[in-house]
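Taking it in order: structure first as structure tokens, then the write-up.
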Amino acid sequence: MSPTEKAPVIAIDGPTASGKGTIAQRVAQALGWSVLDSGSLYRLTALACLDDGVDPADEAAVAQAARGLDVRFDGGRIFLSEQDVTERIRAEVVGNLASQVAVLGDVRKALLDRQRAFRRAPGLVADGRDMGTVVFPDAPLKVFLVADVAARAQRRCKQLKEKGISANLASLMQDMEERDARDRTRSNAPLVAAPDAHTVDSSNLSIDATVNAVLGLWSKLVSSKA
């Protein structure tokens with residue numbers, strides 16, 4: 001790859017708990033590429049605000065928290081100020097706050113360059129809500145991963161219970177519906193499929209089948225350009 005040629009990106013967008021993080025990790029592993037869990041950056045911003053008592057309604061203060069994140073990704077673990085927060089950022093309270101601060105334009109600007117810096121050879125699999133529309137609009141493959149809210153809530157409920165965290169299915173469904181509405185209607189980078197994105201519905205697909213669907217799309221794209 002020449003110095004002027006950008007590393008390829010597979011952008012995987014979708015609503016909360018659609019499985020995009022797991023799929024991105026597995027696809028990246030299969031290809032030997034790096035991975036960007038963009039949602040973790042917003043969750044880390046939310047966690048920093050909670051820990052430091054930052055008012056989430058103060059856009060300038062939240063953006064400053066985003067710019068000042070001392071983050072390290074290491075072997076699947078996530079560190080904030082050298083503290084392992086891999087599990088903490090998955091708490092529902094953090095996820096809900098992350099969805100709220102993600103609507104703030106200054107926060108999104110603060111994190112944009114940091115996300116783009118993950119793009120390096122041999123390639124990147126990036127998951128989030130605006131990877132294909134805003135962060136990597138030139139990504140050669142864009143996937144919009146969807147699943148019905150009932151399936152997503154059941155998955156999240158199972159994940160939480162496996163971690164020993166109590167969870168209520170009805171409450172999770174309500175939270176997801178509210179978060180979906182917030183993500184889709186926000187003025188800054190709303191959750192929408194890019195015009196050239198391939199929609200993959202994982203409601204009735206296993207993780208392996210979903211990974212294979214994405215890898216199949218990439219293989220087909222590479223073959224068409226050979």
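No value in this document is a laboratory result; all are computed from the given coordinates. Since the model is a prediction, treat every value here as computed from it, not as a measurement. So basically every Cβ, Gly included, is an ideal-geometry build from the backbone, and we count neighbours across all protein chains shown.
Spin-label pair Arg184-Ala57: with each label point 7 Å from Cα along the Cα-Cβ axis, the two points sit 2.8 nm from one another. Let me know the longest stretch in the chain that avoids all trypsin sites (Lys or Arg not before Pro) found in a DSSP loop with at most 12 other C-beta atoms within 10 Å. Between exposed loop sites, the widest span is 1-119. Counting other Cβ atoms within 10 Å as a rough exposure proxy, the listed residues Cys157, Cys49 run Cys157, Cys49 from fewest neighbours to most.
A value for Kirkwood radius over Cα pairs in Å was derived from the coordinates, and within the list [x] 18.9; [y] 18.0; [z] 19.4 it appears as [y]. FRET efficiency for the pair Glu92 and Ile207, taken as 1/(1 + (r/R0)^6) with r the Cβ-Cβ distance and R0 = 25 Å, rounds to 0.70. Choose one answer from Gly39, Gly68, Gly21: the residue with the largest mean-square fluctuation in a GNM of the chain with alpha-carbon springs under 10 Å. Comparing Gly39, Gly68, Gly21 in the GNM, the peak value goes to Gly68.
Backbone amide hydrogens, once placed in the peptide plane, bring Leu36 within less than 5 Å of Val125, Ala126, Asp127, excluding anything fewer than 5 places away on its chain. Computed about its Cα centre, the charge dipole of the chain is approximately 620 debye, with only Lys, Arg, Asp and Glu carrying charge at their Cβ. Normalised by the number of residues in region 9-197, the average gap of Cα pairs under 8 Å and 6 or more apart makes the relative contact order 36 percent. Per-residue Karplus couplings for region 8-25, computed as 6.51 cos²θ - 1.76 cosθ + 1.60 with θ equal to phi - 60°, are listed in order as x, 10, 9, 9, 10, 10, x, x, 4, 6, 7, x, 5, x, 5, 5, 4, 4 Hz, Gly and Pro entered as x.
Looking at region 41-110, which GluC sites (Glu not before Pro) are in a loop (DSSP not H, G, I, E or B) and have at most 11 other Cβ atoms within 10 Å?
Loop-located and lightly packed - Glu82, Glu87.
Multiplying the residue separation of Ser219 and Lys6 by 0.36 nm and removing their Cα-Cα distance gives an extension gain of 74.8 nm.
Looking at the chain, the DSSP beta bridges with both ends there are about 25 percent antiparallel.
Near Val146, the amide H atoms lying under 5 Å from its own belong to Val200, Asp201, Ser202; only residues 5 or more places off or on other chains count, and H is placed 1.01 Å from N.
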